[in-house]
1. Scan the range 195-231 for residues that are under 14 Å from the mean Cα position of the chain (by Cα) and farther than 18 Å from THR96 by Cβ and jot them down.
2. Could you tell me whether ASP213 is within 16 Å of TYR119 (Cα to Cα) and either at pLDDT below 95 or assigned to a helix (DSSP H, G or I) (or both)?
3. Return only the number of the condition from (1) in a loop (DSSP other than H, G, I, E, B); (2) buried (at least 18 other Cβ atoms within 10 Å of the Cβ) that SER158 does not satisfy.
4. Within the group GLY179, GLY198, which residue is in a helix (DSSP H, G or I), buried (at least 16 other Cβ atoms within 10 Å of the Cβ) and in contact with a Phe, Trp or Tyr (Cβ under 7 Å, 6 or more places away or on another chain)?
5. Confirm whether VAL191 is assigned to a loop (DSSP other than H, G, I, E, B) and either surrounded by 15 or more Cβ atoms within 10 Å (Cβ to Cβ) or outside the structural domain of ILE124 (by TED's automatic domain parsing) (or both).
6. I'd like the full set of residues that are in a loop (DSSP other than H, G, I, E, B) and surrounded by fewer than 21 Cβ atoms within 10 Å (Cβ to Cβ), limited to the range 74-101.
Amino acid sequence: MESTEDNSELSRHERKKLRKQQFKEEQGMQRAANKKSKWIKSSIIGIIALIVLIGIFFLVNQATKLEKATVDDDPSIGPTGAVTVIEFGDYRCPYTKAFNQEKFNTLLKEYEGRIQWVYRDMPIPSHENSHIASQASECARDQNKFWEYHNLLFQRSSADRQSLLEYARELGLDAQLFGDCLGSGKYRQEVNNDYNDGLASNVRVTPTFFINDRVKLEGDVPLDIFRDVLNKELSGSSG
């Protein structure tokens, strides 16, 4: 009997020790889990802070790049000091063509005297004759016919060298001067400068518009959207 009772008491004692050991292990696991949870939370906060900093850097850097888009002697129409619209366009792009044929003149008429429109060349490399067409428009500018030539390029389907010369004659330009300008590559670098500034301003599609270096619009933008942006800028609201 004594032996049986001793064994029973020893068994209970061992169970008690086992429970204590299990409790300690559970506490240790809980502390480890809490520590891991705190580490995860700290890591998430750190990642979020890094993303915010990158976003701020991007916005500041982007604002600088947008300002760069205005620094050039580019053709413009409308008074200086007005709301400025900078268009990066491609004479061989169907979307630039659609915008300029259907909306450009409408906006100029509706906002006459209140906006200044600046055109910059963004000849997409995959668009045949886009670069030479841009150079031709600059040659027409030498004879004060930029906007007439600009509009004609969007109206016509061809932009090979011979066609570009014919357009100049059609507008009454001095064909010899125009041909010499185009043949010399006088404005090749000017067009390249516009293109590089476009890349620096994150232009990835044509047309792309920068309004007052604050609002960016891309593609064949509907008139209502363009009007809404212009009206807000004219009212002094960045809404």
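1. Selection gives ASN196, ALA200, ASP213, ARG214, VAL215.
2. yes
3. Result: SER158 fails condition (2) only.
4. The unique qualifying residue is GLY198.
5. So VAL191 does not fit the description; no.
6. ASP74, PRO75, GLY78, PRO79, THR80, GLY81, ALA82
The values are calculated or read from the model by the stated rules, or taken from the named source; none is laboratory data. Computed from a predicted model, the values in this text were never measured in an experiment. Every residue, glycine as well, gets a Cβ built from its backbone with ideal geometry; the counts of neighbours run over all protein chains shown.
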